[in-house]
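What follows is a set of notes on a single structure, which appears directly below.
The values are calculated or read from the model by the stated rules, or taken from the named source; none is laboratory data. Model, not experiment: these values are computed from the prediction. Here Cβ is always computed from backbone atoms with ideal geometry, including for glycine, and neighbour counts include all displayed protein chains. What goes into the accessible areas is simple: the full protein's heavy atoms, side chains included, and nothing from ligands, DNA or RNA. Shrake-Rupley method; radii C 1.70, N 1.55, O 1.52, S 1.80 Å.
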Amino acid sequence: MGPFKKKVFDELNEAFPLRFPDGEEERIILQQQALLIELDTTFFPDDPSLQSRIESFNLEIQERLKPAKLTGKGNQLEEIRSTYVANKIALQLEGLPVDDKTPSLQYWQYLTAIESKYKRKPSLPHESLE
């Protein structure tokens, strides 16, 4: 499944980068934060804010590394399936030919198009009735 999953994910990432980020930018930001803390530790070891910054950074990394909840009520697999079914029904109500055999790329193209259709457009300022 690994190569197949990567192929599908790479296509989705290319077509919908905001929905399927590759994680590269996030990794770069974390590396920059770690480097800045390391530099501050080297050059300003007596900085009173250093320890709290290190602890905060460690907590951030721990939060990002939490494994998905795969069992019990409200597990991630249930949430994904529930969201998928709700989106599939919404697309079907729009008259789109979506079912469980619809290719992922096409499914996300439909979903993006429908979201764009219903996005709230900014309202124009009301003119005064003087």
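Overview of results
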item: Max mean-square fluctuation residue, GNM over the chain, Cα-Cα springs under 10 Å, options 49, 82, 116; result: 49
item: Label point distance in nm, residue 34-residue 79, each placed 7 Å from Cα along Cα→Cβ; result: 2.6
item: Sulfur and carbon atoms: percent of accessible area, the chain [1.4 Å]; result: 60
item: Long pairs among 5/101; 7/117; 88/119; 7/69, criterion Cα-Cα beyond 20 Å; result: 7/117; 7/69
item: Lys/Arg +1, Asp/Glu -1 at C-beta; the chain dipole; positive extreme among 20, 102, 56; result: 102
item: Order of exposure, largest accessible area first, which applies to 66, 73 with probe 1.4 Å; result: 73, 66
item: For the chain, built as a Gaussian network whose Cα springs stay under 10 Å, the top-fluctuating residue of 35, 105, 12; result: 35
item: At R0 = 25 Å, FRET efficiency that the Cβ-Cβ distance of residue 89 and residue 60 yields, to 0.05; result: 0.10
